[in-house]
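Asks: Would you mind keeping the following structure in view while I ask a few things?
The values are calculated or read from the model by the stated rules, or taken from the named source; none is laboratory data. On a predicted model such as this, the values are computed, not experimentally measured, just so you know. No Cβ is skipped: glycine too gets one built from the backbone with ideal geometry, and neighbour counts run over all protein chains shown.
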Amino acid sequence: NRGPGRTPLSWSSRLKIASEAAQGLAFIHKKDKIFHGYLSSSNILVDQQGNARISEPGLHQVLHSPSSPNDDYKAPELMLNNGDDTGLKKYTQKCDVYSFGVILLEILSGKTASGESGMSLVRWVQSVGKEEWGWEVFDFEMLGDKVMEGEMVGLMQVALLCVATLPKDRPKMSVVHGMIEDIRGQGRRNGGNRMVSILNDFSSDSSPSHSERNLGLR
């Protein structure tokens, strides 16, 4: 919201919201094949104390059609016909992960998922080189603190993992939550060195078991 009279959301608040939303989605995913099915930034509710909660986790069961509210949050595999004449696509937990990655990009950029000039936020961010993130992508209201910018780069890398084109290349939500918590807890103490190591490990071996092992998750 960039309307008049608004109070800009601080980076620490944004990072807290990202972590708590990731934790909530990871909880939903605890049982195999259970997913949210309708995830967008509109489903992330924040109370007066700044605590984030995920709403409408069972909406897809009512609608009998799991789907993100609009194409900007929808995973690429849901956009492909794949010869399925019924038009029904197989929704998985990795589709939720993609939608969550879009939400992270919204948190980082201050822009909506629909993007600008006819290009979705995901496509636009992917077209910008890493060296230009600071000026081109990150919300200008948050720039200035070098430590904070380092944390933003870390969260951007997590977001890009989440919006990977292939489902197998996206981390599980338990891993995503662990990564974000690592940014929050380690970033200000050691410059996020462990976070860089984790991201490098994930890039070289994207299997969930490998990533969870690095994070100490089960």
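Asks: Working carefully through the options Met152, Met148, find the one that is crowded, with 23+ Cβ neighbours inside 10 Å, within 24 Å of Gly134 (Cα to Cα) and at pLDDT below 95. Reasoning before the result, please.
Replies: On the way: Met148 fails: crowded, with 23+ Cβ neighbours inside 10 Å.
Among Met152, Met148, only Met152 is crowded, with 23+ Cβ neighbours inside 10 Å, within 24 Å of Gly134 (Cα to Cα) and at pLDDT below 95.
Asks: Name the residue, out of Ser127, Ser99, that is within 14 Å of the chain's Cα centre (by Cα), at negative phi and of a type in the set (Gly, Ala, Ser).
Replies: Numbers: Ser127 fails: within 14 Å of the chain's Cα centre (by Cα).
Residue meeting the stated conditions: Ser99.
Asks: Among the residues of region 137-183, how many are within 19 Å of Lys33 (Cα to Cα), without any contact (Cβ under 8 Å) to a residue 60 or more places away in the chain and among the β-branched types (Val, Ile, Thr)?
Replies: Total meeting the criteria: 1.
Asks: With respect to Ile34, is the statement that it is at pLDDT below 90, within 24 Å of Leu78 (Cα to Cα) and out of contact with any Leu (no Cβ under 8 Å at 6 or more places or on another chain) true? Steps first, answer last, please.
Replies: Working: at pLDDT below 90: yes; within 24 Å of Leu78 (Cα to Cα): yes; out of contact with any Leu (no Cβ under 8 Å at 6 or more places or on another chain): yes.
Taking the combined requirement at face value, the residue satisfies it.
Asks: Do any residues in region 17-41 that are closer than 26 Å to Lys111 by Cα have Cβ atoms under 8 Å from those of residues that are among the small types (Gly, Ala, Ser) and at pLDDT below 90, where the two are at least six apart or on different chains, and which pairs are they?
Replies: Partner pairs satisfying both residue conditions: Ile17/Gly50; Gly37/Ser67; Tyr38/Ser67; Tyr38/Ser68; Leu39/Ser68; Ser40/Ser68.
Asks: How many residues are over 15 Å from Ala159 (Cβ atoms), at pLDDT 95 or above and polar (S, T, N, Q) if we restrict to region 9-24?
Replies: Matching residues across region 9-24 total 1.
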